[in-house]
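J.: I am attaching a structure below and will ask some questions about it afterwards.
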Amino acid sequence: EMTSSLVGSEMCIRDRTYTAKFTDVGRNEFYTNAVVWASEQGIVTGYEGTGLFAPSKMISREELVVMLYRYAKYCKTDINGNGDLSKFQDGASVSTFAIDAMRWAIEKEIIVGDQGKLRPQDSSNRVEGAVVLQRFLETIL
């Protein structure tokens with residue numbers, strides 16, 4: 001089901017009607033259709049109260065996890081998770097909006113921490129993003 005959702009999602013992304021939900025996402029950017037689609041599905045919400053998506057901003061580790069969690073929900077996979085945040089030195093620093101997603105990702109071992117820390121507000125570099133995506137796909141598919 002996840003694979004068909006991935007294929008179906010890609011097909012849905014191509015022909016989007018532009019809606020100016022985010023003031024910083026222009027009509028003809030290479031990412032416009034993807035952002036519009038993900039917003040329509042509730043996978044991305046932008047930054048609350050700002051009207052901004054911030055396409056050039058680095059993504060935090062917790063923001064990445066939230067996007068994957070919402071995508072798993074969109075694909076109707078099990079998003080129940082009760083991973084223990086307290087086993088990480090900085091588990092209490094996970095933002096409120098990301099707690100459920102981070103617990104899910106910990107339980108599913110999509111996130112395993114870095115030397116006993118989650119580093120939830122740190123930016124995710126390309127390698128970390130690739131590893132998290134691989135774990136997500138291998139765990140959820």
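J.: Of the conditions (1) open to solvent by 50 Å² or more (accessible area, probe 1.4 Å); (2) aliphatic (A, V, I, L, M); (3) within 23 Å of T19 (Cα to Cα), L133 satisfies every one except a single condition; which number is it?
T.: The number of the failed condition is (3).
J.: Now a separate question. Has region 96-116 got at least one residue that is of a type in the set (F, W, Y) and farther than 23 Å from D24 by Cβ?
T.: Yes: region 96-116 contains one or more residues that are of a type in the set (F, W, Y) and farther than 23 Å from D24 by Cβ.
J.: While we're here: List the pairs whose first member sits in region 81-98 and is surrounded by 12 or more Cβ atoms within 10 Å (Cβ to Cβ) and acidic (D, E), whose second member is modelled with pLDDT of 95 or more and part of a loop (DSSP other than H, G, I, E, B), and whose Cβ atoms are under 6 Å apart, counting only residues at least 6 apart or on separate chains?
T.: D90/L118
J.: What is the one condition in (1) among the small types (G, A, S); (2) touching a Phe, Trp or Tyr at 6+ places or on another chain (Cβ under 8 Å); (3) under 30 Å from K117 (Cα atoms) that G51 does not satisfy?
T.: (3)
J.: Can you give me the number of residues within region 99-124 that are under 14 Å from the mean Cα position of the chain (by Cα), without any contact (Cβ under 8 Å) to a residue 24 or more places away in the chain and open to solvent by 60 Å² or more (accessible area, probe 1.4 Å)?
T.: 1
J.: Which ones in region 114-138 are in contact with a strand residue (DSSP E or B) (Cβ under 7 Å, 6 or more places away or on another chain) and at pLDDT 95 or above?
T.: P120, Q121, D122, S123
J.: Here is a further query. Is there a residue in region 60-76 that is surrounded by fewer than 16 Cβ atoms within 10 Å (Cβ to Cβ), in contact (Cβ under 8 Å) with a residue 60 or more places away in the chain, farther than 21 Å from K21 by Cβ and out of contact with any strand residue (DSSP E or B) (no Cβ under 7 Å at 6 or more places or on another chain)?
T.: Checked region 60-76: at least one residue is surrounded by fewer than 16 Cβ atoms within 10 Å (Cβ to Cβ), in contact (Cβ under 8 Å) with a residue 60 or more places away in the chain, farther than 21 Å from K21 by Cβ and out of contact with any strand residue (DSSP E or B) (no Cβ under 7 Å at 6 or more places or on another chain).
The values are calculated or read from the model by the stated rules, or taken from the named source; none is laboratory data. Since we're looking at a predicted model, the values are computed, not measured. With ideal geometry, Cβ positions are generated from the backbone for all residues, glycine too; neighbour counts draw on all protein chains shown. All accessible areas refer to the heavy atoms of the entire protein, side chains included, with ligands and DNA or RNA removed. Shrake-Rupley method; radii C 1.70, N 1.55, O 1.52, S 1.80 Å.
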